[in-house]
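Below you'll find the structure, written out as structure tokens, and then a few comments.
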């Protein structure tokens, strides 16, 4: 029995499948399966019932579970104690970020951080804002950055910087030449929007509500998973889109989409550093301080 086997066992239990556990651990599914098989062989007991859709604990698995959690928690405590007395900032961090900070902001900022702390490794994963918060809350990410607060989550939010959301349309649309006085003039237009849980969508819906329009009244013709996909759909003439101006800037400069001024846009939204309520490692504290200094 070793730490890697216990870590894989907990990941499978927590995520309910070998494939999802392997993805979160950054290993292949066969490797995760071999880890569990080796653990079961070592203790001469079957720990997991492999169902068609979901993995369930056996009686032996239930017995092992609290001990496995305790062992890994004590190892993490030991690691943090060692780091606390060490002058070297080292270790590995997982950072969860929503699309705009994850693709346009953090890669540049992380470069400077890693040059300053070469013994730290960073994994950056991009999710929608709701998933960013969830990953920090559960401990699957050490910290995160997103464009909206998810109320009720057991995390801490700290505003760091901001981002502008703009309204874009196809270049042959009448709005490309005229400015709407209010958003109420746009309720019959087709819209392409981000998926539920996206910070961009949350912020856009807040702007729409403040203009006196219920977002449910919009003619949403498509929901897409990235701002880039929305820009492409607008380029294809499918409707209007609300995206980060950082994402749309290149298309606006190339003349493949037009920015619509008015109706409350562009609008500035805050970006948030998402921190866990538990104590950060020295590496996590160093990264949070680096981001504060840069933003």
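Suppose the filter is more than 29 Å from residue 245 (Cα to Cα) and at pLDDT 90 or above; does residue 119 pass it? So residue 119 passes the test.
Of everything in region 1-57 that's touching a strand residue (DSSP E or B) at 6+ places or on another chain (Cβ under 6 Å) and free of Cβ contacts under 8 Å to residues at least 24 places away in the same chain, which residue is nearest to residue 71 (Cα to Cα)? So the residue we want is 56. Determine, yes or no, whether residue 132 is part of a helix (DSSP H, G or I), within 18 Å of residue 288 (Cα to Cα) and under 24 Å from the mean Cα position of the chain (by Cα). Yes, satisfied.
Of the residues making up region 279-295, those that are surrounded by fewer than 13 Cβ atoms within 10 Å (Cβ to Cβ) and out of contact with any helix residue (DSSP H, G or I) (no Cβ under 9 Å at 6 or more places or on another chain) are 289, 292, 293. In the set (1) at pLDDT 90 or above; (2) under 18 Å from the mean Cα position of the chain (by Cα); (3) under 18 Å from residue 101 (Cα atoms), residue 197 fails one condition alone, (1). In summary, residue 67 fulfils each of the numbered conditions (1) under 28 Å from the mean Cα position of the chain (by Cα); (2) more than 28 Å from residue 292 (Cβ to Cβ); (3) assigned to a helix (DSSP H, G or I) with the single exception of condition (1). Among the residues of region 169-207, write down those that are touching a helix residue (DSSP H, G or I) at 6+ places or on another chain (Cβ under 7 Å), under 20 Å from residue 258 (Cβ atoms) and in a helix (DSSP H, G or I). If the condition is that a residue be touching a helix residue (DSSP H, G or I) at 6+ places or on another chain (Cβ under 7 Å), under 20 Å from residue 258 (Cβ atoms) and in a helix (DSSP H, G or I), then 183, 200 are the ones that fit. Would you point out which residue out of 36, 27 is under 29 Å from residue 137 (Cβ atoms) and assigned to a loop (DSSP other than H, G, I, E, B)? 27 is the lone residue from the list that is under 29 Å from residue 137 (Cβ atoms) and assigned to a loop (DSSP other than H, G, I, E, B). Among the residues making up region 141-156, those that are in contact (Cβ under 8 Å) with a residue 24 or more places away in the chain and surrounded by 17 or more Cβ atoms within 10 Å (Cβ to Cβ) are 141, 142, 143, 144, 145, 146, 147, 148, 149, 155. What about residue 46, is it in a loop (DSSP other than H, G, I, E, B), more than 19 Å from residue 142 (Cβ to Cβ) and in contact with a helix residue (DSSP H, G or I) (Cβ under 9 Å, 6 or more places away or on another chain)? For residue 46, the condition - in a loop (DSSP other than H, G, I, E, B), more than 19 Å from residue 142 (Cβ to Cβ) and in contact with a helix residue (DSSP H, G or I) (Cβ under 9 Å, 6 or more places away or on another chain) - is met.
The values are calculated or read from the model by the stated rules, or taken from the named source; none is laboratory data. The structure presented is a predicted model; accordingly, all values stated were derived computationally and were not measured. Methodologically, a virtual Cβ is constructed for each residue, glycine included, from the backbone with ideal geometry; neighbour enumeration extends over all protein chains shown.
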